[in-house]
Amino acid sequence: MPYKKPKIEKVFYTIGEVAEIFGVNTSNIRFWENEFDILKPHKNKKGNRMFTKEDIENLKIIYHLLKERGLTIKGAQMKLKENKEDTLQNFEVVSRLQEIKQMLLDIKEEI
């Protein structure tokens, strides 16, 4: 029986890795950290930001509101403050639809 290497998932991501995931500058991530209360990365002894999976999920929501929907910082803050659950639900629906679209495009290419 062949050995299967276990998939190792990271617990913490550096600000550089997070910026690369979203395709933005590290300064954007730092700015969003100051502007949005839901984003609170851990800092190590040197003061480096260490982002968890939860932080990355919150960044996905912030990115969606700012970059994909085109809201201003104030607009995104109000949206998250007034009806966070509705925003989360809408984000999940959009994400799922994008996954389905990509799956259908992959199937189309195979045909």
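The values are calculated or read from the model by the stated rules, or taken from the named source; none is laboratory data. For clarity, every value in this text was computed on a predicted model and none was experimentally measured. So basically every Cβ, Gly included, is an ideal-geometry build from the backbone, and we count neighbours across all protein chains shown.
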*What are the residue pairs meeting all of these: first residue in region 14-25, first residue without any contact (Cβ under 8 Å) to a residue 60 or more places away in the chain, second residue outside any helix (DSSP H, G or I) and exposed (fewer than 12 other Cβ atoms within 10 Å of the Cβ), Cβ atoms under 7 Å, and 6 or more apart or on different chains?*
A19/N25
*Are any residues in region 24-36 of a type outside the set (F, W, Y), within 15 Å of the chain's Cα centre (by Cα) and either surrounded by 17 or more Cβ atoms within 10 Å (Cβ to Cβ) or under 23 Å from K79 (Cα atoms) (or both), and if so, which ones?*
V24, N28, I29, R30, E33
*Would you please list the contacts, defined by Cβ atoms under 6 Å and residues six or more apart or on different chains, that run from a residue in region 78-103 that is modelled with pLDDT under 85 to a residue that is among the basic types (K, R) and assigned to a helix (DSSP H, G or I)?*
T87/K79
*Select from region 39-53 the residues that are of a type in the set (S, T, N, Q) and either surrounded by 13 or more Cβ atoms within 10 Å (Cβ to Cβ) or within 15 Å of the chain's Cα centre (by Cα) (or both) and list them in ascending order.*
N48, T52
_Please count how many residues of region 28-65 are closer than 25 Å to K84 by Cα and either out of contact with any helix residue (DSSP H, G or I) (no Cβ under 7 Å at 6 or more places or on another chain) or in a helix (DSSP H, G or I) (or both)._
26
*If you go through region 84-98 one residue at a time, do you hit one that is surrounded by 13 or more Cβ atoms within 10 Å (Cβ to Cβ) and closer than 16 Å to L39 by Cα?*
yes
_Answer residue from region 66-77, given it is under 21 Å from I21 (Cβ atoms) and assigned to a helix (DSSP H, G or I) and is modelled with the lowest pLDDT among those_ = E68
*Among (1) closer than 16 Å to I15 by Cβ; (2) in a helix (DSSP H, G or I); (3) hydrophobic (A, V, I, L, M, F, W, C), which single condition is F91 missing?*
(1)
